[in-house]
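Notes for the one structure printed next.
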Amino acid sequence: MSSWPIPLPPNDLWGPGRCHCCSRFTLVAPGPLITTKGGLQVAIPWCLFGFERANRMLHRAALRGT
């Protein structure tokens with residue numbers, strides 16, 4: 001897969017923190033905005049692997065849909 005449906009954030013948004021997908025303390029960046037039941041929008045911190053995994057899941061779902 002050459003394009004990223006979920007783009008990587010710019011370099012200045014990456015920083016140390018705990019990743020939501022793997023629970024490791026590593027470099028993380030805010031993932032896509034998710035709307036909560038109350039209408040608030042939050043961005044869950046993901047590591048690079050989290051972005052790659054989310055994009056693979058979207059790619060597989062697109063393949064199943066065709």
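The values are calculated or read from the model by the stated rules, or taken from the named source; none is laboratory data. Please read these numbers as outputs of a predicted model, since none were measured by experiment. In this analysis, Cβ positions are derived from the backbone assuming ideal geometry, glycine residues included, and neighbour counts consider all displayed protein chains. Each accessible area value is taken on the protein alone, full model and side chains, heavy atoms only, with ligands, DNA and RNA left out. Shrake-Rupley method; radii C 1.70, N 1.55, O 1.52, S 1.80 Å.
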Distant-in-sequence amide H partners of G31 (H built 1.01 Å from N, under 5 Å): I44, W46
Just how large is the dipole of the chain about the Cα centre, in debye to the nearest 20, putting +1 at every Lys and Arg Cβ and -1 at every Asp and Glu Cβ? 300
Below 8 Å, C-alpha to C-alpha, sequence gap of six or more: please give me the relative contact order for the chain in percent. 28
Using a probe of 1.4 angstrom, how much of the accessible area of the chain is carbon and sulfur, in percent? 61
Spin-label model distance (nm) - R60 vs C22, 7 Å beyond Cα toward Cβ: 1.7
For the chain, I need the span (max minus min coordinate) of the C-alpha atoms along each principal axis, in Å, sorted largest to smallest. 38, 31, 22
As I understand it, the value is the acute angle between the Cα axis of helix 48-65 and the longest principal axis of the Cα atoms of the chain; what does it come to in degrees, rounded to 10? 20
Can you work out the Karplus-derived ³J(HN,Hα) for every residue in segment 21-28? Use 6.51 cos²θ - 1.76 cosθ + 1.60 with θ = phi - 60°, whole Hz, and x for glycine or proline. 7, 10, 6, 8, 8, 7, 6, 10
Please give the calculated 222 nm ellipticity per residue for the chain, where each DSSP H segment of at least 4 residues contributes -39500 (n - 2.57) and the sum is spread over every residue; nearest 500 deg cm²/dmol? -9000 deg cm²/dmol
